[in-house]
Amino acid sequence: MPTPATVPCQYRTGKTLGSGTYAIVKEAVHIKTGEYYACKVINKKLMEGREYMVRNEIAVLKKVSKGHPNVVTLHDYFETAHNLYLVFDLCTGGELFDRICAKGNYYEADAAALVRTIFGAVKYIHECGIVHRDLKPENLLFRTKAEDADIMIADFGLSRVMDEEKLQMLTEICGTPGYMAPEIFKKRYTPFDRDTQQQEMEAICAGDYSFEPAEYWENVSETARDFVRACLTVDPTKRPTAAEALQHPWLASEKPHFVPDPTTPSGARNLLPNIQKAFDARKTFRKAVFSMIATKRMSSLAALSPTAQKFGHNIAELKAESEQEHVDEDRSVVHYDTHGESQSRESLDKKDEPRLVKEMSKVAI
């Protein structure tokens, strides 16, 4: 791999768009083209000992980027003395549920079209030898606010490149509990509604779910319910692949499936009122969960070693440090070419990984 060049920065960073565990996301504009992007800013100090996570995310993104219109693209990456910057598509259309709830109506045919698109993208990702491992509504973003905007699968931070010669069932605890497969819990799907997370995990492992509340599901066709049953198959060897799911009648039939309603223009039942009720309840639930998690983390931190406590307290400080650094053409950065023919789709290994990963823990900051 050619030695990365130290060059004037090609981007100017702007406002902060969001924040994750180890990184923040800022708006960035390419200085020469004027194109806007989302820029993931990762503080090197926070990644000390976790360099493999950066290497893995870059390897995944180089495999899937620019190969599918519904998968987010890694356009560029570069580093300064303090931070690593990954430059992605800027998706301004909002999250899936927010977008649906803002519509005037939503029919089963709309849902089928959306699921068909997502499964098509998942099929592509799997064909690239990648498992996303954190697919959930929050990671499905619309590219723009336009009515016909593409929906994008984003956030490959937990994804994994699968060795074709060592294909195996994934059982590592990884992702968001409510969306994990049964085999993950054996080493909240929405239908698995229980009072505690333990009961929820047990229900997922047993395939003990129900189509409730009844008033929500009475508006959904039996074909759609059968599709859900197939996707929730407990045995992973019998569960349909993304390619097989696309052949299910709910997605493959030219004739749409729905519960009739002669009072609507389309003749189909409008699902939006119940979706909005469920979404409002979901937001309330998430706020309660996040509050509980924050309390537990503070309690756990108190029981950790002084070194671990210091690291925990420093996370917010280091992320704030990353946020304060603005890059533009006056700052020199170490730049890595993501468009070179020999590197555009190849997985990075130990011998050709970027210097930013090899040296990240050695950089004097």
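The values are calculated or read from the model by the stated rules, or taken from the named source; none is laboratory data. Computed from a predicted structure; not experimentally measured. A quick note on method: Cβ atoms are made from the backbone with ideal geometry, for glycine too, and the neighbour counts reach across all protein chains shown.
What the table shows:
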| item | result |
| --- | --- |
| Count - residues of the stretch 128-176 that are at pLDDT below 80 and either assigned to a loop (DSSP other than H, G, I, E, B) or in contact with a Phe, Trp or Tyr (Cβ under 6 Å, 6 or more places away or on another chain) (or both) | 12 |
| Residue list for the stretch 232-245, restricted to those being surrounded by 15 or more Cβ atoms within 10 Å (Cβ to Cβ) and within 21 Å of the chain's Cα centre (by Cα) | LEU232, ALA242, ALA245 |
| Residue tally, condition closer than 26 Å to ALA278 by Cα and either among the hydrophobic types (A, V, I, L, M, F, W, C) or not in a loop (DSSP other than H, G, I, E, B) (or both), over the stretch 87-119 | 21 |
| Matching residues in the stretch 52-66 - criterion: being assigned to a helix (DSSP H, G or I) and surrounded by fewer than 19 Cβ atoms within 10 Å (Cβ to Cβ) | TYR52, MET53 |
| Unmet criterion (only one of (1) among the β-branched types (Val, Ile, Thr); (2) over 25 Å from the mean Cα position of the chain (by Cα); (3) in a loop (DSSP other than H, G, I, E, B)) for THR223 | (3) |
| When residues of the stretch 27-51 are limited to those that are at pLDDT 85 or above and of a type in the set (A, V, I, L, M), the one surrounded by the fewest Cβ atoms within 10 Å (Cβ to Cβ) | ILE31 |
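Listed here are the residues, each with its yes/no results for (1) out of contact with any Gly (no Cβ under 8 Å at 6 or more places or on another chain); (2) modelled with pLDDT of 95 or more; (3) hydrophobic (A, V, I, L, M, F, W, C).
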{"site": "GLU57", "(1), (2), (3)": "no, no, no"}
{"site": "LEU61", "(1), (2), (3)": "yes, no, yes"}
{"site": "ASP76", "(1), (2), (3)": "yes, no, no"}
{"site": "ARG99", "(1), (2), (3)": "no, no, no"}
{"site": "GLY104", "(1), (2), (3)": "yes, no, no"}
{"site": "LYS123", "(1), (2), (3)": "yes, yes, no"}
